[in-house]
Each structure stands twice: as C-alpha cells, then as structure tokens.
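Report on one structure; see the data block that follows.
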Amino acid sequence: MSRRGWMLFLVVSTLWGLPYFMIRIAVRELDPVSVVLGRTLPAALVLLPIAWHSGSLRTLRGHMKWLVLYTVVEFGIPWYLMASAEQHVTSSLASLIICATPLISIVITKFLHPQRTIGRQRLIGLALGSIGVLTLVGLDISTDSAWWIGAMFLVAVGYAGGPQVISTKLTEVSGLAVVAVSVAIVAAAYTPLGVARWPSHVSGTTWLALVALALFCTIGAFLLFFALIKEVGPARSTVVTYLNTAIAVGLGVVFLHEPLTAGMMIGFPIIVAGSIFATSATKLVSEESHPTA
C-alpha cells in the first residue's frame, strides 16, 4: 500500500471507530429512524450546495440507478438496522460483527465474477475468519440478542457490497456527488417518520453525538473512503474495519462501561488474522488491479 493509501486508511479507520459509540448514545433518547435522519439531513444540507457549485453533480448523469443501489445497500438499510441493533446489543459487539465485512467482500467478488479463482491463501483466510465469527457470535449470543446480531450481519453485507458498486459502476462519478446525493435521498426517505418520532426534548449529549455522526463519520469519512477505494481497491479498503473496531471497542468499554467478553477476546483476533490472509498478497485475478467498467 502506498504512503497515501496508509494515511487514508488511518484517518478513515479513526473516523469510523466513532459511529458505534455515537449511535449507542443517540439511541438512548431517539428512535432509530430519527437517528438516521439526524445523521443524514445535516450532511445533505452541507454537501449538496458544495456539490452543486463545484459542478460535480453533472458526473451523475447516466449513473442514477447505480447511485440508488449504492445508497440503499450502504446507507439506507444498514444505518437503520445498526441504530435499531444498538438499542439491544453493545456498541462493542456491533462493531466486532462488522469485522466480517472484508470476508463478505471476497465472497461477493467471487459471486459477481465466478471465473476468478480464489487462491489457497484466501481460502485459509476465509476459513479462519468464519471460525472467528462463529466463536464471537457463539460465545456472546443470547436469546434476546440473536435477531439483532443477525441484523448487524446484514449491515456487514451492505458495507461489503457498497464498495463493489463504487469500484465497478461509479468509477467516473465524483465521490462528493455520490455522498451528497446519497445522504439527501436517505434524509428525504426518513424525514416524515423521523420528524414524527422526534422527542420533545433532546439532551446536549445527544445533539453532540448527532453532529459527530453527520460531520465526521459521514461527510469526512465517506469522502476519504472513496479516495481509499480508488487507491487500494474495494476488498482492501474494507480492512479499515479492523482498526475502527479496536477504537470502537475501546470507547465502549472505557466510556460506556460495556463488558469485554470472552467472545470478543477470542473471536476478534481470529477474524483479524483470517481477514489479513484473505485480503493480502494472493489475489482473485484481482479486482484491485482490474476494475470492471
């Protein structure tokens, strides 16, 4: 990875270590629909005028169906599911489940391009990662949390699929335009219900969490993430989940007093080891080198 790639990786990882913590705070007072609205509407109000004046919205011409698909799989469904899940599971566990994203990305790539062969190193990585996920879920799952753990796995599928759309169908589209229009679509979709469910009083702590989600975790992180995808490819770009997970777990344990469970301590290292194997060196006739037009 180039020096620029490493810098982007570190910054994006840090910014994406925050959302789980901020969402966990926000859902104490807000309905999940309102959390999504509070995250996307400010971002849209900031980004749309910038995208308009820069002329980057013109790059969307002829790409709207792919933009809508990206919006649904990366923002529209995952953010609602994540906010809903964090009403029932800890932010630490939610972030750890997202560690499956790089592994799912490899599987999606194979599904989309069946002619590509998976090398032995990646097969070992997928096997290790699967064992890690099963260990994590098997040791931490309970009757009350099973559905919400499943919801977080759907979030991971969305996070794995989004970069695939960017790298194959939206390569010629401005990252600014994609983020601006995507968050605007989600904000418009969630506004009626989000406003209806907005409480009469919201604390300053919750407002700060929403501001951080909108400005840092959405506007800043996604614009930099698009640059990272173009720099290192969709599969490797999802490896940011490892460092941001460590940050998220640390925030949850230290500031929210969440438990550090046996499943986390055993499963997380195995997932990381498997995903490093699955996303390094050996390639699937690599999507990083040969993006599909």
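Checked against (1) part of a helix (DSSP H, G or I); (2) within 30 Å of Phe268 (Cα to Cα), Pro114 passes all but condition (1). Within region 29-72, the set of residues being of a type in the set (Gly, Ala, Ser) and either surrounded by 17 or more Cβ atoms within 10 Å (Cβ to Cβ) or under 21 Å from Ala221 (Cα atoms) (or both) comprises Ser34, Gly38, Ala43, Ala44, Ala51, Ser54, Ser56. Please indicate, with yes or no, whether at least one residue in region 30-44 is modelled with pLDDT of 90 or more, among the acidic types (Asp, Glu) and farther than 30 Å from Met265 by Cα. There is at least one residue in region 30-44 that is modelled with pLDDT of 90 or more, among the acidic types (Asp, Glu) and farther than 30 Å from Met265 by Cα. Within region 26-57, being assigned to a loop (DSSP other than H, G, I, E, B) and among the aliphatic types (A, V, I, L, M) holds for Val27, Leu30.
Of the residues Trp147, Trp79, which is free of Cβ contacts under 8 Å to residues at least 60 places away in the same chain and either in a helix (DSSP H, G or I) or of a type in the set (Asp, Glu) (or both)? So that I can check it myself, show each step before the final result.
Numbers: Trp79 fails: free of Cβ contacts under 8 Å to residues at least 60 places away in the same chain.
After ruling out the rest, the residue left standing is Trp147.
Quick one: what pairs do we get from region 251-263, first residue surrounded by 16 or more Cβ atoms within 10 Å (Cβ to Cβ), second of a type in the set (Gly, Ala, Ser), C-beta under 6 Å, 6+ apart or different chains? These pairs meet every condition: Gly252/Ser91; Gly252/Ser92; Glu258/Ser92; Glu258/Gly252.
Kindly indicate whether Thr205 is polar (S, T, N, Q) and at pLDDT 95 or above. Spell out how you get there, then give the answer.
Details: polar (S, T, N, Q): yes; at pLDDT 95 or above: yes.
Spelling it out, Thr205 is indeed polar (S, T, N, Q) and at pLDDT 95 or above.
May I ask you to list the residues in region 117-144 that are assigned to a helix (DSSP H, G or I) and among the polar types (S, T, N, Q)? Please lay out each step first, then the result.
The initial filter retains those residues of region 117-144 that are assigned to a helix (DSSP H, G or I), namely 120-140.
The answer is Gln121, Ser130, Thr135.
So for region 4-25 (the condition being free of Cβ contacts under 8 Å to residues at least 12 places away in the same chain, part of a loop (DSSP other than H, G, I, E, B) and over 30 Å from His88 (Cα atoms)), does at least one residue qualify? Within region 4-25, not a single residue is free of Cβ contacts under 8 Å to residues at least 12 places away in the same chain, part of a loop (DSSP other than H, G, I, E, B) and over 30 Å from His88 (Cα atoms). Filtered by the rule that a residue be under 17 Å from Gly76 (Cα atoms) and in contact (Cβ under 8 Å) with a residue 60 or more places away in the chain, region 189-201 gives Ala189, Tyr190, Thr191, Leu193, Gly194, Val195.
Across region 162-174, not a single residue is classified as surrounded by 22 or more Cβ atoms within 10 Å (Cβ to Cβ), hydrophobic (A, V, I, L, M, F, W, C) and closer than 21 Å to Pro19 by Cα.
The values are calculated or read from the model by the stated rules, or taken from the named source; none is laboratory data. Note that the structure is predicted; figures quoted are calculated from it, not measured. Don't worry about glycine lacking a Cβ; one is built from the backbone with ideal geometry, like all the others, and counts go over all protein chains shown.
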